[in-house]
Amino acid sequence: MIHCIEGVLISKNIDDIVISCSGVGFKIFCPTSSYSRIGSQGTAVFMFTHLVVKEDAFELYGFVTEEEQQCFRLLIGVSGVGPRTALASLSLYTPKQITLAIASGDYKAFAACPGIGPKIAQRIVLELKDKVGSLAIGDKEVIQAITGDSSNNKQEALTALVSLGFTTSEAAAALAKLSGEEKTEKLVSDALRALARN
């Protein structure tokens, strides 16, 4: 397994890069969200990677952060989710957003990704719900807001925001920044202001 690569960036395209390491050029497929964070040609680059072995090819997938790498590995572990589909998910969402969607049962977030239909989206949530805790991404308060370890006021505010058309993960992320001691009405109001700014 090639866990990571460090070298010089010699080519940069929308969905892949080439890193020269000890005289060998490695083509690495990346999420489009990584494109602006990688750097420019000729600069030193470090990427976390995952090697996918196929019958007719060896493909390297690269990530700027270890959280993205971990998230990719979780996603491809679900039956029906291939490397390109997992990459598409990471192009649309951050690891934290993916974690929130899984933890909250928000399968519609995954159904919005290219190559993922409703059945696969539901399977992702079902199979990974117990595993997202293994991702090394912070904000325990966000996860608590989703899993029910938060105040009744936050739970009521979460229900109200979802009824207004926000996804569970969007609502939970907005509420995570607020104090559970506030009244439900104020939580909803403050969360709406935060969501309007995003």
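The values are calculated or read from the model by the stated rules, or taken from the named source; none is laboratory data. Keep in mind the model is a prediction, meaning the values are calculated, not measured. Cβ sites come from the backbone with ideal geometry, for glycine too, and all protein chains shown count toward neighbours.
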Checklist outcome for this item: In the range 60-76, anything outside any strand (DSSP E or B) and touching a helix residue (DSSP H, G or I) at 6+ places or on another chain (Cβ under 8 Å) is listed as VAL64, THR65, GLU67, GLU68, GLN70, CYS71, PHE72, LEU74, LEU75, ILE76
Checklist entry - Is the range 88-111 home to any residue that is small (Gly, Ala, Ser) and within 18 Å of ILE2 (Cβ to Cβ)? => result no
Checklist outcome for this item: Within the range 86-116, the count of residues that are over 16 Å from ALA173 (Cβ atoms) and among the polar types (S, T, N, Q) comes to 2
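Residues of the range 77-87 being in a helix (DSSP H, G or I) and buried (at least 22 other Cβ atoms within 10 Å of the Cβ), which ones?
Those that are in a helix (DSSP H, G or I) and buried (at least 22 other Cβ atoms within 10 Å of the Cβ): ALA86, LEU87.
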Checklist entry - Which of the residues spanning the range 58-99 are touching a residue at least 24 places away in the same chain (Cβ under 8 Å) and among the basic types (Lys, Arg)? => result ARG84, LYS96
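Can you confirm whether LEU9 is outside the structural domain of ALA86 (by TED's automatic domain parsing) and within 16 Å of LEU87 (Cα to Cα)?
It is false that LEU9 is outside the structural domain of ALA86 (by TED's automatic domain parsing) and within 16 Å of LEU87 (Cα to Cα).
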Checklist outcome for this item: Quick count over the range 43-57, residues being in a strand (DSSP E or B) and of a type in the set (Gly, Ala, Ser), is 1
Item to check | Number of the exception - ALA111 against (1) farther than 18 Å from THR49 by Cα; (2) small (Gly, Ala, Ser); (3) surrounded by 20 or more Cβ atoms within 10 Å (Cβ to Cβ) | outcome: (3)
Checklist entry - If you go through the range 51-64 one residue at a time, do you hit one that is touching a Gly at 6+ places or on another chain (Cβ under 7 Å), outside the structural domain of PRO114 (by TED's automatic domain parsing) and modelled with pLDDT of 95 or more? => result no
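Here's the yes/no breakdown for (1) more than 14 Å from the chain's Cα centre (by Cα); (2) of a type outside the set (A, V, I, L, M, F, W, C):
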| site | (1), (2) |
| --- | --- |
| ALA44 | yes, no |
| VAL64 | no, no |
| CYS71 | no, no |
| LEU74 | no, no |
| THR99 | no, yes |
| ILE116 | yes, no |
| ILE124 | no, no |
Item to check | Sole exception among (1) crowded, with 20+ Cβ neighbours inside 10 Å; (2) in contact with a strand residue (DSSP E or B) (Cβ under 7 Å, 6 or more places away or on another chain) for VAL52, by number | outcome: (1)
